[in-house]
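A short write-up of the structure that comes next.
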Amino acid sequence: MVQILVDNNIIEAEDGANLLQTCLENGIYIPNLCYINDSQDPFAACRLCFVEIDGKPVAACTQKVTQGLRVQTDTPAVRGLQKSAFLFLLSVHDIKCKECPANKRCELQRIAKFLKVGLKPKGLEIRLKDPGLDSGHPYLLVDLNRCVLCGKCVQVCRQKHGQSFLTFAKRGFNTVISAYTEPDDIPLNFSGCTACIDICPVMAISLKDGIKS
Ligand code: FES
């Protein structure tokens, strides 16, 4: 075990443990959307989990714990970076909380509250995808304007099936989570799996009407 200092709290952890997970497990919340516990190869896609180490910004999910590490999670610079990343997510998100199945258990709502950022900031230009719904998969629906591109669905699918049947497609603003649609691409044991639905922090993936898990 090693000791680290996080915001003046001494924390004990395994040498080499993931810093984000260590902080979360010790009751120190750091905004995050894309990290899956015990991940060996974090995606670091959401850019929300910034902390400061020796005055430099570091994505906590990419940092290993080492003896004597000194971490600050609540400096103006850290909050500034987190808010910028969060505002970017909001600018491409279809905010309709009352109609959304994730209402009250949505990670965006939690992060907005934590960062004290309204979900509809004044003056924020919103750019949504059109069409906003991908129904190309035999049984999954992906709401592209709800999706935050955290990639958790891609990661969990790979963990469960050895390869992922979901992937990032296109580039830049047009990047989407896409499902392979050829029937031959979908293994028999995939049809009942809802791991991607269960792990989505904003409920952007759902089963099509009439499909049972
Ligand atoms: S949790 Fe670290 S970049 Fe998303």
- Query: Can you tell me how many residues in the stretch 46-60 are more than 10 Å from the ligand (Cβ to nearest atom) and among the basic types (Lys, Arg)?
  - Reply: 1
- Of the residues in the stretch 61-119 that are among the polar types (S, T, N, Q) and closer than 22 Å to Thr22 by Cα, the one that is farthest from the ligand (Cβ to nearest atom) is Gln67
- Query: When you scan the stretch 131-147, how many residues do you find that are within 16 Å of Phe173 (Cβ to Cβ) and not in a loop (DSSP other than H, G, I, E, B)?
  - Reply: 1
- Note on the structure: Restricted to the stretch 32-45 and to residues being within 8 Å of the ligand (Cβ to nearest atom) and over 17 Å from Cys196 (Cα atoms), the residue modelled with the lowest pLDDT is Ala44
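Could you please let me know if Ile10 is aliphatic (A, V, I, L, M), more than 13 Å from Ala60 (Cα to Cα) and either in contact with a strand residue (DSSP E or B) (Cβ under 8 Å, 6 or more places away or on another chain) or within 14 Å of the ligand (Cβ to nearest atom) (or both)?
In short, yes.
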- Task: Identify the residue in the stretch 21-31 that is surrounded by fewer than 23 Cβ atoms within 10 Å (Cβ to Cβ) and among the hydrophobic types (A, V, I, L, M, F, W, C) and, among all such residues, is farthest from the ligand (Cβ to nearest atom).
- Result: Ile28
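Within the stretch 148-182, can you find the residues that are of a type outside the set (Ser, Thr, Tyr) and assigned to a loop (DSSP other than H, G, I, E, B)?
Answer for the stretch 148-182, where residues must be of a type outside the set (Ser, Thr, Tyr) and assigned to a loop (DSSP other than H, G, I, E, B): Val148, Leu149, Cys150, Gly151, Gly162, Gln163, Phe165, Lys170, Arg171, Glu182.
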- Task: For the stretch 2-15, state whether one or more residues are under 17 Å from the mean Cα position of the chain (by Cα) and surrounded by 13 or more Cβ atoms within 10 Å (Cβ to Cβ).
- Result: no
- Task: All but one of (1) crowded, with 17+ Cβ neighbours inside 10 Å; (2) in contact (Cβ under 8 Å) with a residue 12 or more places away in the chain hold for Arg127, so report the exception by its number.
- Result: (1)
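The values are calculated or read from the model by the stated rules, or taken from the named source; none is laboratory data. On a predicted model such as this, the values are computed, not experimentally measured, just so you know. A quick note on method: Cβ atoms are made from the backbone with ideal geometry, for glycine too, and the neighbour counts reach across all protein chains shown.
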